[in-house]
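The values are calculated or read from the model by the stated rules, or taken from the named source; none is laboratory data. Everything numeric in this text was worked out from a predicted model, so none of it was measured. Here the Cβ positions follow ideal geometry from the backbone for every residue, glycine too, while neighbour counts run over all protein chains shown.
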Amino acid sequence: MARGTLSQKIIGEHIVSGSFVPGKEIGLLIDQTLTQDATGTLVYLALETLDPGDIKTELSASYVDHNLLQTDFKNADDHKFLETIAARYGVYFSPPGNGISHQVHLERFDRPGKTLLGSDSHTSTAGAMAMIAIGAGGVDIALAMAGEPFYVKTPMILGVRLTGAFPPWVSAKDLILEMLRRHTVKGGVGKIIEYFGPGVATLSVTDRATVANMGAELGATTSVFPSDTRTRDFLRRQGREGDFTEIGADDNAEYDEYDEIDLSVLEPLIACPSSPDNVRKVSEVAGTKVEQVIVGSSVNSSYRDLMIVAKAVEGKRAAPGVSFEINPGSRQLIENIAAAGLMLPLIHAGARIHQSGCLGCIGMGQAPATGTVSVRTFPRNFPGRSGTEGDKVYLSSPETAAATALTGVITDPRDLGECPVVEEPEAYIYNKDIIAAPLDKDARSLIRVARGPNIKPFPEFEALPESYSGKVILKAGDNITTDHILPAGNDVLPFRSNIEKISDFTFGKIDKDFAGRCKSEGGGIVVGGVNYGQGSSREHAAIAPRFLGIRVKIAKSFARIHWANLINFGIVPLTFKRAGDYDLIEEGVTLDFPDIRAAISEGREIIRALLGEKTLELKTELSEREREMILAGGILNLKRNR
């Protein structure tokens, strides 16, 4: 077992139940939470159901950064709901256009040694600030705000020793792409990835944020870097040096698994369609025609990332036919790039400067044209996530994106010649008044929460029955993402506060008849392959199927957050004891679970399912707390019952 690691030190200070034994459940005290608007409305609806009075965290923040398009009343109504309910409960509120949660939280609120829970899978970005920062479902965030521990199976620790320093035109995106090339989108499941070694000192905090952000693409519980002189320097430039605490692993720390990367031998890499781990050298795909290049959004939207692009294109022009787009990470970055005099070169080069937000990363605009190639600095390129069916999305560093925008074909940035140097401002310009700070208790009690007609209360779900018989409504393959289960995009996410309506889109990208079959059959069962439910933390991917009557999901393996979300809403997650049994199940067959409630209640590890005359043995690994949740029909039922 790992010893003396940074992860153990921070977790050890926050364990309130269980012990640090890999695979065993622990309860963690949560210092901070963050929400974003695509998932946040459900967090606060759940918080109202729990009715905790004042929130119990040290700090909680609500960001509007996903659903920024206001094509009708729905998004605007949700923004007003989030603003007023944040004021009601004493939560910081960052309004539309102020920036992406990960970037703004890094600038204003991240603190070394703290725990952070967020309703976004890329909450792990805060690992750059030596935080144990974990993405989770919205109900888990609401519970943490109400003072409840966050429960997670103790991860193993993968230690990655970094040596050397990046050569010119190579940066942090190439490091995390190298990790994905080595370990794949499943390689981090059940692990914290902890970076250490002399190479860490060559990485700025925003470099580390790029790596920690895309640790989510490895499937990791989180990623973490030490807090050192680079951390102090970042906080000083942000006017927050008083928040600095030095913390790192012991010199003789032992890790459960180990890897080593020499930064000096890395070269520009790119993730090809349509998975973040389909990684090749840029030089191997150079010359591929490109019609869209986007820099920024959830990752690679820092001052350094945007400035390297601005300097690379200064005095030049984007290639004809290329839509060259910039998504800044925060309003602060726009102000500081403008102050440095490099906003004009971006505009003159033909860049379209968008508001600070996720935008195309979540399929909210910026969809590429049919049959064209898009190169993006985003964290994900799952099929159709861009908003265009059959899309061809590549993921690259800002350097590669800039070179590609100038030439119109995928281009190795080393072909541009001398690499520009970016120096950070001695003190960043920022307007702290943009974020609404919590009101005092008396003022909070006077707040009236605004609710538009699209905001519906949480649906009520029944408890687990004694026995269950259901038809297999869908059989899917490996690496099904939450985008497959409940798509994002401007046609879907405006209904994020209306479960009845949003459920009609469930599995719409791969089976347009899924919701209709669920309704006609009264629910049923979904079967999947390896890494089922990877991707975002959106709990809609669990709530919507549950609303449609799905009571059981069977897969070869589950992604961590989706597994937890299924349990939170009373869906039984099962895995195959015999791998070959996956092949026995066909879509449309009926599976009978004659004693499913007793099996869950008694803590059986094997649950029987009858497929005609065959008996399938399915595994479940549930803690006592998780069994209680499933029996009650979900965590909210359990809390109400108590």
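Here Leu68 passes the criteria (1) in contact with a helix residue (DSSP H, G or I) (Cβ under 6 Å, 6 or more places away or on another chain); (2) over 30 Å from Ala253 (Cα atoms) except the one numbered (1).
For segment 605-624, the set of residues classified as assigned to a loop (DSSP other than H, G, I, E, B), surrounded by 15 or more Cβ atoms within 10 Å (Cβ to Cβ) and either in the same structural domain as Gly23 (by TED's automatic domain parsing) or not hydroxyl-bearing (Ser, Thr, Tyr) (or both) consists of Leu622 only. In segment 546-567, of all residues being in contact with a helix residue (DSSP H, G or I) (Cβ under 7 Å, 6 or more places away or on another chain) and not hydrophobic (A, V, I, L, M, F, W, C), the one that is nearest to Asp478 (Cα to Cα) corresponds to Lys556. Within segment 64-83, the presence of at least one residue that is over 24 Å from Arg560 (Cβ atoms) and in contact with a strand residue (DSSP E or B) (Cβ under 6 Å, 6 or more places away or on another chain) is confirmed.
Grab the helices (runs of 4 or more DSSP H) fully contained in segment 278-389, keeping just those with 2 or more residues being more than 26 Å from Gln103 (Cα to Cα). Show your work before the answer.
Values: elements: 282-285, 303-313, 331-339, 343-348.
Passing ranges, in order: 282-285.
Is it true that some residue in segment 635-642 is surrounded by 21 or more Cβ atoms within 10 Å (Cβ to Cβ), in contact with a helix residue (DSSP H, G or I) (Cβ under 9 Å, 6 or more places away or on another chain) and at pLDDT below 95? Scanning segment 635-642, I find at least one residue that is surrounded by 21 or more Cβ atoms within 10 Å (Cβ to Cβ), in contact with a helix residue (DSSP H, G or I) (Cβ under 9 Å, 6 or more places away or on another chain) and at pLDDT below 95, so the answer is yes.
Filtered by the rule that a residue be charged (D, E, K, R), out of contact with any Gly (no Cβ under 7 Å at 6 or more places or on another chain) and farther than 26 Å from Pro420 by Cβ, segment 168-221 gives Arg181, Arg182, Lys191, Glu217.
With the requirement that a residue be assigned to a helix (DSSP H, G or I) and under 26 Å from Asp583 (Cβ atoms), what does segment 501-529 give you?
Going residue by residue through segment 501-529, those that are assigned to a helix (DSSP H, G or I) are 501-505, 514-521.
Phe514, Arg517, Cys518, Glu521, listed by residue number.
Here's a check for you: in segment 57-90, which residue that is more than 20 Å from the chain's Cα centre (by Cα) and aromatic (Phe, Trp, Tyr) is farthest from Asn490 (Cα to Cα)? Per the stated criteria, the residue is Tyr89. Checking the stated criteria, Leu235 turns out to be assigned by TED's automatic domain parsing to the domain that holds Gly113 and without any contact (Cβ under 8 Å) to a residue 24 or more places away in the chain. Only one entry in Gly452, Gly384, Gly390, Gly408 is at pLDDT below 95, touching a Lys or Arg at 6+ places or on another chain (Cβ under 8 Å) and on the phi > 0 side of the Ramachandran plot, namely Gly384.
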